[in-house]
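The values are calculated or read from the model by the stated rules, or taken from the named source; none is laboratory data. Predicted model, so just to flag it, every value in this text is computed and none were measured. Glycine gets a Cβ as well: all are built from the backbone with ideal geometry, and neighbour counts include every protein chain shown.
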Amino acid sequence: MLELTAPLWEWHFKPWQVLRVRTTLLALVILAVALVLVSNFGITMLAFLLLIAFTWSLRLALFTTRYRVNTEGLSRVNLWMTQSFPNTSIRRVVPVPGGIFVSQHRRPSRLDRFQGWLIPLPATDKKQIINHLQAVCATDQEVEA
């Protein structure tokens with residue numbers, strides 16, 4: 001697990017503070033879906049489970065996420081779920097407005113939408129984190145060549 005080594009960088013992304021309008025609209029969409037489910041199914045276990053599944057799928061946009069970069073790779077913790085992206089899997093690092101996109105594919109792929117991570121970066125350490133991840137990506141490419 002990536003949690004064993006001390007983090008080089010660690011930060012929290014709080015969507016309710018950074019993206020207030022977008023997060024509020026998302027909460028309203030969830031409320032509207034809940035009303036539609038209740039009106040169609042009544043108050044049943046199925047409607048409750050569908051609402052939980054819908055909210056769970058949007059958890060990265062709603063709840064605080066802790067990101068960590070250490071010598072073994074990237075990790076993120078959101079709600080009760082920890083996901084890791086080891087350095088050996090990082091093939092491409094692309095700076096985007098407000099953060100970076102990390103992928104396990106060297107070239108853009110249709111699978112990037114599902115397997116890649118869009119990571120919001122803190123303004124203070126942005127350049128250092130990007131340089132570190134690009135160096136990890138370049139080192140991995142040299143090893144494979």
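Would you be able to say whether some residue in the range 70-89 is in the same structural domain as Lys126 (by TED's automatic domain parsing), touching a Lys or Arg at 6+ places or on another chain (Cβ under 9 Å), exposed (fewer than 15 other Cβ atoms within 10 Å of the Cβ) and among the β-branched types (Val, Ile, Thr)? For the range 70-89, residues in the same structural domain as Lys126 (by TED's automatic domain parsing), touching a Lys or Arg at 6+ places or on another chain (Cβ under 9 Å), exposed (fewer than 15 other Cβ atoms within 10 Å of the Cβ) and among the β-branched types (Val, Ile, Thr): present.
With respect to Arg76, is the statement that it is farther than 18 Å from Cys137 by Cα and within 12 Å of the chain's Cα centre (by Cα) true?
So Arg76 fits the description; yes.
Would you be able to say whether some residue in the range 2-13 is outside the structural domain of Ile119 (by TED's automatic domain parsing) and among the β-branched types (Val, Ile, Thr)? Yes, because at least one residue in the range 2-13 is outside the structural domain of Ile119 (by TED's automatic domain parsing) and among the β-branched types (Val, Ile, Thr). The residues on offer are Leu31, Leu35, Leu50, Leu46, and the sole one that is surrounded by 15 or more Cβ atoms within 10 Å (Cβ to Cβ), in a helix (DSSP H, G or I), free of Cβ contacts under 8 Å to residues at least 40 places away in the same chain and not polar (S, T, N, Q) is Leu50. The set of residues from the range 53-73 being part of a loop (DSSP other than H, G, I, E, B), hydrophobic (A, V, I, L, M, F, W, C) and either at pLDDT 80 or above or in contact with a Gly (Cβ under 9 Å, 6 or more places away or on another chain) (or both) comprises just one member, Phe63. Just one of the listed residues (Ile129, Ile119, Ile100) is under 26 Å from Thr55 (Cβ atoms) and either out of contact with any strand residue (DSSP E or B) (no Cβ under 7 Å at 6 or more places or on another chain) or aliphatic (A, V, I, L, M) (or both), namely Ile119.
For the range 92-130, the set of residues classified as at pLDDT 85 or above, in a helix (DSSP H, G or I) and surrounded by fewer than 12 Cβ atoms within 10 Å (Cβ to Cβ) consists of Lys127 only. Against the condition in contact with a Pro (Cβ under 6 Å, 6 or more places away or on another chain) and either farther than 15 Å from Leu121 by Cα or of a type in the set (Asp, Glu) (or both), how does Thr23 come out, does it pass? Here the answer is yes, as Thr23 does meet what is asked. Gln141 falls short of the stated requirement of being in a helix (DSSP H, G or I), polar (S, T, N, Q), at pLDDT 85 or above and loosely packed, with under 15 Cβ neighbours inside 10 Å.
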